[in-house]
Amino acid sequence: MSDQLNDIEKAALDALDAVTSEDALQAWKTAYIGRSSPLMLVFAGLGKLSKEEKPVVGQAANRVKVALEAAFEERTKAVKDAALAKSLEEEQLDVTLPGRPAPRGRLHPSTVQLRRVLDILAEMGFQVYTSREVETDEYNFQLLNFPLHHPAREMQDSFYIEAEGRGDNPILLRTQTSPGQLRAMREYAATNPQNPPPIRIASPGMCYRYEQITARSEIQFNQVEGLAVGENITFADLKGTLTDFARRMFGQHARVRFRADHFPFTEPSAEMDVECFVCGGKGCSVCRRSGWLEILGCGMVHPNVLMNGGYDPKRYTGFAFGMGPERQAMLRYRIEDIRYFWGNDVRFLGQF
Amino acid sequence: MKLPLSWLKDYMDIDGLSVEDIARTLTFGGLEVEEIRYAGWPMSASGAKDMHSSQRHEFKTEGIAWDREKIVVAEIREVMPHPNADRLTLCDLYDGTQQHTVLTGAPNLFDYKGKGKLPKPLKVAYAKEGATIYDGHAEGLVLTMLKRAKIRGVESYSMVCSEKELGISEEHEGIIFLDDDAPVGMPLADYMGDVVLDVKINPNMARCASVLGIARELAALLKRDLRSLGDFGGLKAKGDFATIEITDPTLNPRFVLGLVRDVVIKPSPYHVQRRLKMVGVRPINNIVDATNYAMFELGEPLHAFDYDVLKERAGKKPVKILTRVAKDGEKLTTLDGVERTLTSMNVLVCDEKGALSLAGVMGGAESEVYDASKEVLDAKGIETKEGQPTIGKASVRGKSTVNVLLEGAAWNFINIRRTARQHNLPSEASFRFSRGVHPAIADKGVSLGLKLMAEWSGGTVAPGLVDSYPLPPKDPTVDVTTRDVKRILGIELSAQQIAELLSRVEFECNVKGETVTVTTPPYRMDIGEGVVGLADVLEEVARLYGIENIPTTNMADALPPQVGNPVHEWEERLRDLLISVGLTEVVSYRMTSAEKESRLLSGGSETHQQIEYVRIANPITPERNVLRRSLLACVLEAAEKNVRAESLALFEIGAIFLPHKNELPDEPRKLALVMTGRRIASAWDVKDSPAYDFYDMKGRIELLLAGLQLSNVSYAPPAALPKKHRDDVSAVEGQVYHPGKCAEIKVGDKVVGQFGEIHPLVKERYELGASPVLAAEFDLAALMSAQSGFSLTPVAEFPPVYEDIAVIVDETVPAARVEGLIRQTGGKTVTDVRLFDVYRDEKIGAGKKSLAYSLTYQSPDKTLTDAEAAAIRNKIVKRLEQEVKAKLRS
């Protein structure tokens, strides 16, 4: 009997060696350890054996059963592993095929840059103040200390709106966001004319100048104007605030410098340059080899402007600054031609 | 203002300073140097002599330095014909050490050809072999190195130079003849090497539109001395050759005349011509050149009259000059030969016979000093027409000498500005007068002009000036305190320090305690009175102290109350939502044309003419002559520009402009969306994806409105709405959308926008692809005011029951009506109704559709049984049967 069991075991193991698939495994299982397999028939026949033989054969059969089951488990794992290894080897994608694009919208680069500027200014306490795009000469020029026929007006050629009977106060497209200074000051001052509250605003928006449209000049452009008015604001504060701004905008190591300049609505006035962030000041084509980039104009609010806004220049001081987000975006993204901005070509817009 | 450094050196010592140092100092002091142009001056080793590293500022630089060894002053002793070429000559030239035979084609040597040894040698600029100069024959400025060559059999290794070859001017008609006293053998760079700074003169720096003006500023910034000017002959106001009558001193505060007798008109000395060329003026003759030279030196524009003409016009009476405004319609032929019709804004210089010149802007033709042998140019170098009409009186022309009456005056700058603009006559004189020239310098200008004229013409200056000065300006006096400096500039300066700074720019300073009382020097017009004057003077303190030296501090002032800007913040949120649903932002020109916008109107061009626009009075092009009324038109144009793109989903946010006659327009803000093209971009495994349709746009809008937390949103065909609502949201009248594929969007009962497929006739007017074009427009104010509070729907704890029902209804029954009835009948327990199929089939019947809904029943406080759900379902079905004759589909 033990010979018979040994034969069964050997035949089963031999057969198992040849098994390489799930199906063959199942067939083997039925054939060798299934209900009607020779081994099971041995168990079934135990009852017919003598008392002495029964435990011997039973033990021997049990040993064979455990061995076959273990071998089956082992083989099953091997077959699965082999199948997995085979499938892993076979299922190779061309990883260089393009991925499926997911649709994604994009902000206009001017919006992106406007947000950067306004976010930094907001953290410094400058709150967004928006005002109209079509303005009167009074708000765009006269109240800002550009008298009629003043040479300073030549710096800003304007688009005028057809209107009659307006004399020296024609309607025009604002050439700067500065009229917002006056509108804000008057609005704030109206809340308490005797003690007007301090102001800290940033005015973003589209401005217009009569220019030929070229790679470097446009008829419309965004501007962000900053204005701080209070009883305690100095030119040194202006420098400190804008130096901080430049560090936030261009990096903690950005160096700035201030040059005297002239704007009718500020005095003293200055131009702020930041060290070219492309070449680190060594000189490159972006900074036109000067090592510096002109970033913004600024100055102390002119006493006439304070007065026109309802703030007594003997008591209040303030500073103002203005910058162009498109110019900044041009520097940041190396955009060589300003006409891209309003060209609305998705091949341009899609890159931001 | 172009500033030759050689000229600057007449006024101050610049030893130890590099050109860049000077340019940088000026730039930081408010006189921005826009370009440095070398004409022979030795270039400094770049960067080596920087004063402050933080002020490194390289400048746009052009031109060449002249090699001191290879380019020298030489003399031509004899001009000989070339053996093989008529148009070339050979020069016997001596360069101080050696004799050379130099080949040249210069036409201005032909007169000397074959005349033997010249009695007076010609002084010339001589370039030796290996010298780097500009190629005189090349277009533009091309550097070249002189090499040995054989030209028509004669060896050539060096040359005599034209101005173009040396980078002085564009002139290449002939070689330069230097002044007779030029020392032979001297390096040309030492003799006349120069460098020109192009300095931008801001309106507040009008006083710097002269060599003296810039020198004064530079000396103050560098703490160097300004060389004394002298008094140019010390002429006093006692001349008797003319009288002056000023009608309106506010327009003409001062008028000064001087006289030079027996002037021989001829070219100015070469060094004068060269300086004038470098400042950008063409030399004409010694008279015109003297007026220009004096103007560039001192800033006072001068005007020369032919005194003999004036005397003849006056007849037996003495010459009398009057200034007055023109009569409207009065005519004057200016020296450019143009007869100008004047208005009462223009000021004239006249004699008793009539107008002589347009004051401060341009001279008249008749009284101009005229050199019969030369072309006529105006005193400011503007070339005038050939074949002039007879100028002046024949009887006094053609003499060998002339007597020149020289005018130096002061004018109202606004008046000059308007006159120069009106007649479109920009000139160096009107540039200065229109920015303000102080009356106090008029006599100095005339004196210098007279002195130069006499010097360059052999004439004699008549004794004395005639000077009428009815309205001397009061030079403002301003009190500056140490507190003001601290309060506005943020720096601590003592009164002495303030006075020291301001004295450098020649303010007269009196210190008393903490107050400095300063009086403006009598040549600047930019300082005001009172608080304005204080700001003006503080600007000077800041500039001279050095803006770079002012510390940087943080604002100590109280932070104002933070009020935020809800509209702006909401708009930015809207942008974020729009890009999150896949739309790309565009920004368009606000200026457009009615024709372009009319494309959006089915009515076409007849209709658009009735639309009122905000019109530009001075458009740059007729295509941009109005401000837009339709934002959608802009976005459609953007789509048109991208017609080649496979798929487009664009939006724009911005103002449109609605006119109010002669008043400021309304600027309502809008949102416009356009989608067209394929729903999914083609790819290697995506072919022929369907085109965007109405429901793609609607899906985006639903996401957008849900993102804005708007509830109670409904969509209905626009015809169902009263017409006035449509005007609120559409910038243009007319049928923009396909009538069967558009909807108005309401929040509650308020219309916030509309959307749909663009009307086929409208689409035809745009160059767009074959796919349908979907568009939407919102009024932002309406949309924002439709905002309600956010209310969270609790997340249910008990399990839902899901059930599908399909009902058959007539085609005319809108899906929204069926859904509304389901929700209404189901009440709170029906938490979700989702349409998952719309089916049409013969079996259902013609004119019918089946709508299949997935319903979710859920109770907030218990687990629903199937029976409870069924009861609600039966109620719904019954209601649908009653209301819309729906049949349950089994």
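We did not get these values from a lab; they are worked out from the coordinates using the rules stated. The structure displayed is predicted, hence computed values, not measured ones. With ideal geometry, Cβ positions are generated from the backbone for all residues, glycine too; neighbour counts draw on all protein chains shown.
Label-to-label distance, residue B:247 versus residue B:735, with points set 7 angstrom from Cα along the beta-carbon direction: 6.8 nm. For the residues of B:537-547, the average number of beta carbons from a partner chain within 10 Å of their own beta carbon is 4.
Backbone phi angles across the stretch A:319-326, fed through the Karplus curve with coefficients 6.51, -1.76 and 1.60 (θ = phi - 60°), yield HN-Hα couplings of 10, 9, 8, x, 9, x, x, 5 Hz in residue order; Gly and Pro are listed as x. Applying 1/(1 + (r/R0)^6) with R0 = 45 Å to the Cβ-Cβ distance of residue B:620 and residue B:842 gives a FRET efficiency near 0.10. With R₀ set to 45 Å, the beta-carbon distance separating residue B:84 from residue B:62 gives a calculated FRET efficiency near 0.75.
Within chain B, DSSP assigns beta bridges of which about 90% are antiparallel (rounded to the nearest 5). The label point for residue A:84 and the one for residue B:761, both projected 7 Å from the Cα toward the Cβ, are 7.0 nm apart. Note on the protein assembly as shown: with charges restricted to the Cβ of Lys and Arg (+1) and Asp and Glu (-1), its dipole about the Cα centre is near 1000 debye. Measuring from label point to label point, each 7 Å out along Cα→Cβ, what is the residue A:26 to residue A:215 span in nm? A separation of 7.4 nm, rounded to one decimal place. Cysteine residues of the protein assembly as shown whose C-beta has no other cysteine C-beta under 4.7 angstrom: A:207, A:298, B:91, B:161, B:208, B:350, B:509, B:634, B:742. Take every pair of alpha-carbon atoms less than 8 Å apart whose residues are at least six positions apart; their mean separation over the length of chain B yields a relative contact order of 8 percent.
Put in line by how crowded their Cβ is, counting other Cβ atoms within 10 Å and starting with the fewest, B:35, B:129 read B:129, B:35. Total lysine pairs in the stretch A:1-91 at Cα distances under 23 Å, for residues eight or more apart or on different chains: 13. Per-residue extension of 0.36 nm, minus the Cα-Cα distance of residue A:7 and residue A:77, leaves a gain of 22.7 nm for this segment.
A P(r) calculated from all alpha carbon pairs of the stretch B:559-675, with 10 Å bins opening at zero, reads 12, 36, 32, 16, 3, 0 percent. Considering only alpha-carbon pairs that sit under 8 angstrom and 6 or more positions apart, the relative contact order computed for the stretch B:566-785 is 21 percent. Would you please classify the overall shape of the stretch B:71-192 from the alpha carbon gyration tensor, given that a ≥ b ≥ c denote the square roots of the eigenvalues, rounded means a/c under 1.5, and beyond that prolate means a/b larger than b/c while oblate covers the rest? Taking the square roots of the gyration eigenvalues as a ≥ b ≥ c, the stretch B:71-192 is rounded. What is the distance in Å between the Cα centroid of the stretch B:746-773 and that of the stretch B:169-242? If you average the Cα positions of each part, the centres end up 69 Å apart. A simple charge model with +1 on the Cβ of Lys and Arg, -1 on the Cβ of Asp and Glu and nothing else charged puts the dipole of the stretch B:71-192 at about 580 debye relative to its Cα centre.
The number of Lys pairs in the stretch B:801-888 with C-alpha atoms less than 25 Å apart, excluding pairs fewer than 8 positions apart on the same chain, is 20. Loop-located trypsin sites (Lys or Arg not before Pro) in the stretch B:456-505 (DSSP state other than H, G, I, E, B) with a sparse environment of at most 13 neighbouring Cβ atoms within 10 Å: B:474. For the stretch A:19-95, the set of trypsin sites (Lys or Arg not before Pro) satisfying both a DSSP loop assignment and a count of at most 14 other C-beta atoms within 10 Å is given as A:35, A:51. With an a/c value of 1.5 or above and a/b larger than b/c for the gyration tensor axes a ≥ b ≥ c computed over the alpha-carbon atoms, chain B is described as prolate. Within the straight-line cut-off of under 24 Å between alpha carbons, the lysines reachable from residue B:327 are B:353, sequence neighbours fewer than 8 places apart in one chain being disregarded. The orientation-averaged shadow of the Cα convex hull for the protein assembly as shown, equal to a quarter of the hull surface, comes to 79.6 nm². For residue B:97, project a label point 7 Å along Cα to C-beta. Then give me every residue of the stretch B:153-181 with its amide nitrogen under 19 Å of that point. It comes to B:157-160, nothing else. Ranking B:210, B:754, B:882 by Cα position along the charge dipole of chain B, where only Lys, Arg, Asp and Glu carry charges on their C-beta atoms, puts B:882 farthest toward the positive end. In this Cβ point-charge picture (+1 for Lys and Arg, -1 for Asp and Glu), the stretch B:566-785 has a dipole of about 160 debye about its Cα centre.
Here the extension length gained between residue B:240 and residue B:117 equals 39.3 nm, from 0.36 nm per residue of separation less the Cα-Cα distance. Site-free segments of chain B were taken between chymotrypsin sites (Phe, Trp or Tyr not before Pro) in DSSP loops having at most 10 other Cβ atoms within 10 Å, sites themselves excluded; the longest one is B:1-683. Computing FRET efficiency as 1/(1 + (r/R0)^6) for residue A:164 and residue B:889, where r is the C-beta to C-beta distance and R0 is 56 Å, gives about 0.20. Do the alpha carbons of any pairs in B:120/B:236; B:9/B:200; B:60/B:223; B:277/B:331; B:670/B:698; B:117/B:164 sit beyond 30 Å of each other, and which pairs? Going by Cα-Cα distance, B:120/B:236; B:277/B:331 fall outside the 30 Å limit. Shape analysis of the stretch A:278-352 places it in the oblate category; the axes a ≥ b ≥ c from the Cα gyration tensor give an a/c of at least 1.5, with a/b not above b/c.
For the stretch A:245-258, backbone phi angles converted through the Karplus equation (6.51, -1.76, 1.60; θ = phi - 60°) give residue-by-residue couplings of 4, 4, 5, 5, 7, 10, x, 4, 9, 4, 9, 10, 8, 10 Hz, Gly and Pro being listed as x.
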